[in-house]
Amino acid sequence: MTLPDSVEEDYSAEALVARAIRGLVRFRRGRGFSLGELKECGLAVSEARKKGLRVDELRRSKHEENIRVLQRWLEFQSKPKPGDSITDEAKKSA
């Protein structure tokens, strides 16, 4: 799963899980990110849940695609929103 170039604000990261059917590997939507994927991105389970991410504590696999999606989601969340800057608030109050 890759993010489009213009990501909307309501984007939520979704984990993918690989499943093999007759030798073909297919991906489907998972229950959440595995503990290894969260650890790879530097997130604790409690912190991930506070941010609204789903966590699958039973899954042990680490998929590189999930790690990339999670890192990009974290970058997106850390960017300031257009109306959130301090200078905009100062202009509004003046």
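Going through segment 13-56 one residue at a time, which ones are in contact with a strand residue (DSSP E or B) (Cβ under 8 Å, 6 or more places away or on another chain) and part of a strand (DSSP E or B)? Once the filter is applied, which keeps residues that are in contact with a strand residue (DSSP E or B) (Cβ under 8 Å, 6 or more places away or on another chain) and part of a strand (DSSP E or B), segment 13-56 yields 16, 17, 18, 19, 20, 25, 26, 27, 28, 29, 33, 55.
Counting only residues that are modelled with pLDDT under 90 and not in a helix (DSSP H, G or I), segment 62-91 holds 7 of them. Residue-level check: of (1) surrounded by fewer than 17 Cβ atoms within 10 Å (Cβ to Cβ); (2) under 14 Å from the mean Cα position of the chain (by Cα), residue 53 misses just (1).
The values are calculated or read from the model by the stated rules, or taken from the named source; none is laboratory data. What you see is a predicted model, and the numbers here were worked out from it, not measured in a lab. All Cβ positions, even for glycine, are placed from backbone atoms using ideal geometry, and neighbour counts span all protein chains on display.
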